[in-house]
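J.: Mind looking over this structure? Questions follow.
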Amino acid sequence: MSVAARLKELGIELPAPAAAVANYVPFMRSGNLLHIAGQLSNDAAGGVKGTVGVDVDMDRAVAAARMSGVNLLAQMNAALDGDLDRVVRVVKLGGFVQAGPDFIEIPKVINGCSDLMVDVFGDAGRHARSAVGVYKLPLGFAVEVDAIVEVR
């Protein structure tokens, strides 16, 4: 099954990829590796802002990580001229959660993005990962995830 068919089956419509908001590019290809800048937990409705464990609960945080994953897919799609079947493997995700002082379930939050990659790419979506709790994220968003992807 093509990646486009999987996305349709999962009910995922990719948004337009987000433009850079500072002095960087949204993605950079070097050889067969595609590096994707951090994607925030935003969507057309405004996304998920706030601090996990304070004013964002676990379910909403996992959904926020999934939003970041959808935004990663949109950047991959742009970088690969609309052909996500060129993804060989999701190599690594770096997940960041704006976490409250007592919140320690960071890996469970980032599973929202990791699970999406496996849902979309199957075994090729399995990856190495970092999951880090931070004091603040850009623009107050709850989650940010970046990626390294092997492509052809």
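J.: Are any residues in segment 25-55 under 23 Å from E105 (Cβ atoms) and small (G, A, S), and if so, which ones?
T.: Scanning segment 25-55 gives G38, S41, G47, G50, G53.
J.: Restricted to segment 17-36, and to residues that are open to solvent by 90 Å² or more (accessible area, probe 1.4 Å) and in contact (Cβ under 8 Å) with a residue 24 or more places away in the chain, which residue is farthest from L139 (Cα to Cα)?
T.: Selected residue: R29.
J.: Got at least one residue in segment 37-58 being buried (at least 20 other Cβ atoms within 10 Å of the Cβ) and touching a His at 6+ places or on another chain (Cβ under 9 Å)?
T.: Scanning segment 37-58, I find no residue that is buried (at least 20 other Cβ atoms within 10 Å of the Cβ) and touching a His at 6+ places or on another chain (Cβ under 9 Å), so the answer is no.
J.: I need the full set of residues from segment 88-134 which are assigned to a helix (DSSP H, G or I), among the charged types (D, E, K, R) and either open to solvent by less than 50 Å² (accessible area, probe 1.4 Å) or farther than 17 Å from V62 by Cβ (or both), in order please.
T.: Across segment 88-134, the qualifying residue is only D123.
J.: Quick one: in segment 59-81, which of the residues that are among the polar types (S, T, N, Q) and open to solvent by 10 Å² or more (accessible area, probe 1.4 Å) is nearest to D146 (Cα to Cα)?
T.: N71
The values are calculated or read from the model by the stated rules, or taken from the named source; none is laboratory data. Model, not experiment: these values are computed from the prediction. Cβ atoms come from the backbone with ideal geometry, glycine included; neighbour counts cover every protein chain shown. Side chains included, ligands, DNA and RNA excluded: accessible areas come from the protein's heavy atoms. Shrake-Rupley method; radii C 1.70, N 1.55, O 1.52, S 1.80 Å.
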